[in-house]
Structures are given as structure tokens and as C-alpha cells.
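Student: One structure coming up, written as C-alpha cells, with questions to follow.
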Amino acid sequence: MRKQIAAANWKMNLTLQQGEQLLNDIIATPHELKENQQVVFAVPFPYLAMAQQKVAGKKNVFIAAQNCYNKKSGAYTGETSVEMLQSLGISYVVLGHSERREYFNESNQFLAEKVNICLDYKMTPIFCCGEALNVREANEQNAFVAKQLEESLFHLDADAIQKVVIAYEPIWAIGTGKTATSEQAQEMHAHIRAAFAAKYGAAIADNITILYGGSVKGANAKELFGQPDVDGGLVGGASLIAQEFVAIISALK
Ligand code: 13P
């Protein structure tokens with residue numbers, strides 16, 4: 001049975017004290033997580049150690065970094081290596097978020113290198129893909145997303161690809177309050193799964209967790225996660241409000 005994940009992406013928000021309070025509030029609420037359900041918090045780098053301590057020993061709850069560098073170590077001032085993350089006990093890394101692609105010019109090729117180094121260190125990449133509004137309006141979203149997957153992931157072998165989590169985040173739905181309809185999300189998730197099936201076979205494609213991101217809230221999570229190919233969400237704004245994120249966690253199927 002493939003993993004279902006409620007993942008919070010705090011982005012560049014909250015102070016240390018606010019982050020600690022938020023985690024306390026969410027963790028204090030009992031969650032009946034099934035064996036295949038996980039909760040992940042992608043927090044800013046300076047809060048990773050605090051967050052990791054908070055979830056230590058909590059079953060099926062993990063901390064993620066929001067980025068990493070593509071090199072092992074060395075003279076790269078200001079960057080963070082996967083080895084550093086691993087030494088903190090971090091197990092997930094968000095890669096290729098559209099904000100990083102846009103503001104930091106991260107290319108599909110560069111992201112392929114980050115995916116590789118994460119897998120070398122047994123970290124799970126949460127690989128983000130998704131199209132901008134003009135691509136959707138031209139009805140070219142399927143080809144656009146397929147190219148992102150091909151150029152960053154399709155060099156992986158059948159064993160490695162199953163260690164990657166996908167997050168489909170249409171850029172036009174991020175932070176806009178304009179959620180993709182559950183039909184639009186399901187359509188793209190089925191397309192992504194079909195692309196993996198064509199490359200790796202149906203059994204492997206069936207094992208890959210595909211999250212939806214873009215204005216997920218407590219009020220729409222159940223409908224979105226109820227779609228057959230939507231395996232949870234990567235949540236920005238609503239993950240900063242304890243009550244909202246708790247509702248999103250309980251919407252996992
Ligand atoms: P919002 O949930 O704020 O739309 O952000 C989505 C996102 O970018 C998560 O990575």
C-alpha cells in the first residue's frame with residue numbers, strides 16, 4: 001500500500017518561538033495515523049534541530065528540509081549539504097519547489113543532481129513539479145510536467161524511483177486561494193502515474209506517492225485526497241495554522 005502524506009511547507013515563515021508553538025499545538029492533538037500515513041514538516045533550516053527533537057519517537061512523523069545543495073561538502077558558503085541534514089536525523093528534503101525554480105533558477109538538470117545526492121544519503125526527496133498559468137491556458141500542462149519528470153528523475157533505476165515522493169503543485173494554485181478542482185488534480189496525478197508506468201511498469205508506478213499542493217485547506221483536503229491518485233498534500237499557508245493542518249492530517253485516506 002503506498003504512503004499517504006500530509007506535508008507542511010512553512011516556507012520562509014515564523015520565528016523559532018512561533019514554530020515551536022505551532023509544532024507543540026499540532027503534536028498535542030492526537031492523530032490516529034494508519035500504518036501507511038505520515039506527517040511531514042518542512043521547516044526552515046535554522047529550526048531543523050528543534051523540530052527534529054520535537055518529533056523524536058513520534059511514529060510516522062518526520063521533519064524535512066526545504067532544500068539542499070548538490071555537492072557533498074566544501075567551499076560553498078551559505079549552502080547546506082545532505083550529509084549535514086542526515087547528521088540531524090532528517091529524512092526528507094523538498095526539491096524543486098516552484099519558488100526555487102523561479103527565484104533561484106533551479107533547472108531540471110540541477111535538480112537531477114540534488115535528487116541523486118539525496119538518494120545517495122538515503123534521504124527521501126519530495127520532488128515538486130507543476131506548470132504556470134500560461135502553460136495551463138495553452139493546455140500544455142501534461143507535456144510540461146512530463147518533461148520535468150523525465151529530465152530530473154527518469155535516469156533513476158526502478159529501485160531508486162520508488163524512494164521518491166512527487167508533489168504536483170500547479171503554480172497558479174500556490175498561495176492564490178485558487179485550488180485546482182479535484183478533477184484537475186486527479187487528471188494530472190493520473191497522467192504523472194501513467195508516465196511512471198510507461199517508464200517503469202504499472203506495479204512500480206502504483207507504489208509512488210503523489211501529493212497535491214496549491215491552496216490545500218482543512219475545508220478542501222478531504223475532497224482532494226479522496227481522488228484515487230492523490231496521496232495527500234504539500235501545504236503552505238494552511239500548514240501555519242494548527243487547527244487547519246490538523247484537519248488536513250485527518251483528511252488523509
Ligand atoms: P499554499 O498552500 O500556500 O498554496 O502553498 C502551496 C505550496 O507551495 C506548498 O509547497
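The values are calculated or read from the model by the stated rules, or taken from the named source; none is laboratory data. The model shown is predicted, which means the values in this text are computed figures rather than measured ones. Note: ideal-geometry Cβ built from the backbone for every residue, glycine included; neighbour counts use all protein chains shown. Protein only, heavy atoms only, side chains kept; ligands, DNA and RNA dropped before computing areas. Shrake-Rupley method; radii C 1.70, N 1.55, O 1.52, S 1.80 Å.
Student: State whether segment 1-72 is rounded, prolate or oblate according to the following rule on the C-alpha gyration tensor (a ≥ b ≥ c being the square roots of its eigenvalues): a/c under 1.5 gives rounded; otherwise a/b larger than b/c gives prolate, and the remaining case gives oblate.
Tutor: Values: a/c = 2.02, a/b = 1.21, b/c = 1.68.
In terms of gyration-tensor shape, oblate.
Student: Further question on the same structure: Keeping every protein chain present and rolling a 1.4 Å probe, give me the accessible area per residue for segment 1-78 in Å². Present the calculation step by step, with values, prior to reporting the outcome.
Tutor: Working: 4150 Å² over 78 residues.
Heavy-atom SASA per residue in segment 1-78 reads 53 Å².
Student: Straight-line reach from residue 147: which aspartates and glutamates have Cα under 12 Å away, leaving out those fewer than 8 places along the same chain?
Tutor: Excluding near neighbours in sequence, the set is 131.
Student: Normalised by the number of residues in the chain, what is the relative contact order in percent for Cα pairs under 8 Å and 6+ residues apart? Write down the numbers at each step before the final one.
Tutor: Details: 473 pairs, mean separation 53.9, N = 253.
So the answer I get is 21 percent.
Student: Ok, one more. Quick one: which of 11/34; 3/222; 58/114; 3/54; 72/163 span more than 24 angstrom between C-alpha atoms?
Tutor: Flagged as over cut-off: 11/34; 58/114.
Student: Accessible area per residue of segment 81-237 at 1.4 Å probe, in Å²? It would help to have the intermediate numbers written out before the result.
Tutor: Details: 6370 Å² over 157 residues.
I get 41 Å² per residue for segment 81-237.
Student: Further, regarding this structure: If you roll a 1.4 Å probe over the chain with all protein chains in place, what percent of the accessible area is carbon or sulfur? Please report the intermediate quantities before stating the final value.
Tutor: Working: 5920 of 11270 Å².
Heavy-atom surface of the chain belonging to carbon and sulfur, 1.4 Å probe: 53 percent.
Student: What does the C-alpha gyration tensor say about the overall shape of segment 56-187? Classify as rounded when a/c is under 1.5, otherwise prolate if a/b is larger than b/c, or oblate.
Tutor: Since a/c reaches 1.5 and a/b is larger than b/c, the shape of segment 56-187 is classed as prolate.
Student: Distance between Cα centroids, segment 184-200 to segment 202-230: provide it in whole Å.
Tutor: Distance between centres, Cα-based: 12 Å.
Student: Sorting check: for 184-194, 93-103, 130-140, which peptide has the highest mean count of neighbouring beta carbons within 10 Å, and how do the rest follow?
Tutor: Details: 184-194: 19.0, 93-103: 20.6, 130-140: 15.3.
Result, highest mean first: 93-103, 184-194, 130-140.
Student: Output the antiparallel fraction of DSSP beta bridges having both residues in the chain, as a percent to the nearest 5. Write out the running numbers ahead of the final one.
Tutor: Working: 0 of 29 bridges.
In the chain, approximately 0 percent of DSSP beta bridges are antiparallel ones.
Student: Same structure again: About the Cα centre, and with charges only on the beta carbon of Lys, Arg (+1) and Asp, Glu (-1), how big is the dipole of segment 109-253? Nearest 20 debye, please.
Tutor: On the way: 11 positive and 17 negative charges, 64 e Å.
In debye, rounded to 20, segment 109-253 gives about 300.
Student: Return, ordered by residue number, the residues of segment 168-183 whose backbone nitrogen is under 19 Å from a label point located 7 Å along Cα→Cβ of residue 103.
Tutor: Under 19 Å, as judged by backbone N against the label point of residue 103, lie 169-177 of segment 168-183.
Student: Across segment 162-252, what fraction of all alpha-carbon pairs, as a whole percent, falls in each successive 5 Å bin from zero upward?
Tutor: 3, 16, 25, 24, 16, 10, 5, 1, 0
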